[in-house]
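The values are calculated or read from the model by the stated rules, or taken from the named source; none is laboratory data. Note that the coordinates shown come from a computational prediction; the quantities given were computed from them, not determined experimentally. All Cβ positions, glycine included, derive from the backbone under ideal geometry; neighbour counts span all protein chains shown.
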Amino acid sequence: INKGLVKVQAGAVWGDVAEFLNRFHLVISSGDFGDTWVGGLSTSGGIGLLVRSFGLTIDHILAAKVITADGEIRSVDKDNEPDLFWAIRGGSSQIGLVTELLFQADKIEPENQYQCPITVQNIDFIIDDLESFVHKWGKWIDEA
């Protein structure tokens, strides 16, 4: 973790990964919602709220374990089966079943010793008027 290398199984969800990484002041650009699965987002590109600062999720994949149609488990990276490595980065489920990914996380410096510029949180709402809520939520996001 000191070098920002993070191995994640594809069935994990990004909220759990982000919460863990936050303790070490690390971040991987990883979509907008915490309940998104790592494997699906990572192999489909990975557009999220941090994309302008940190790039796509696929930009941070260094290696992966892939089960191909022939039933073989393959370890892929830029040097080992580079065509398959390239293909899983955006090829989604068309190439094989990705079971594990190795990422290079970005280090984020705390603004001070108590505050980090990335926040991980869960927000729950009880909504009686969905239309009004959606409009207010949109306004809040625009102003955030």
| query | Within the set of pairs 6 or more residues apart or between chains, which connect a residue that is within 14 Å of Gly15 (Cβ to Cβ) and hydroxyl-bearing (Ser, Thr, Tyr) inside segment 30-49 to a residue that is modelled with pLDDT of 70 or more and assigned to a helix (DSSP H, G or I) with Cβ atoms less than 6 Å apart? | reply | Ser30/Trp14; Ser30/Thr57; Thr36/Trp14
| task | May I ask you to list the residues in segment 45-69 that are at pLDDT 90 or above and not aliphatic (A, V, I, L, M)? | result | Lys65, Thr68
| request: Could you look through segment 63-73, keep only residues that are aliphatic (A, V, I, L, M) and surrounded by fewer than 15 Cβ atoms within 10 Å (Cβ to Cβ), and pick out the one that is nearest to the chain's Cα centre (by Cα)? | output: Ile67
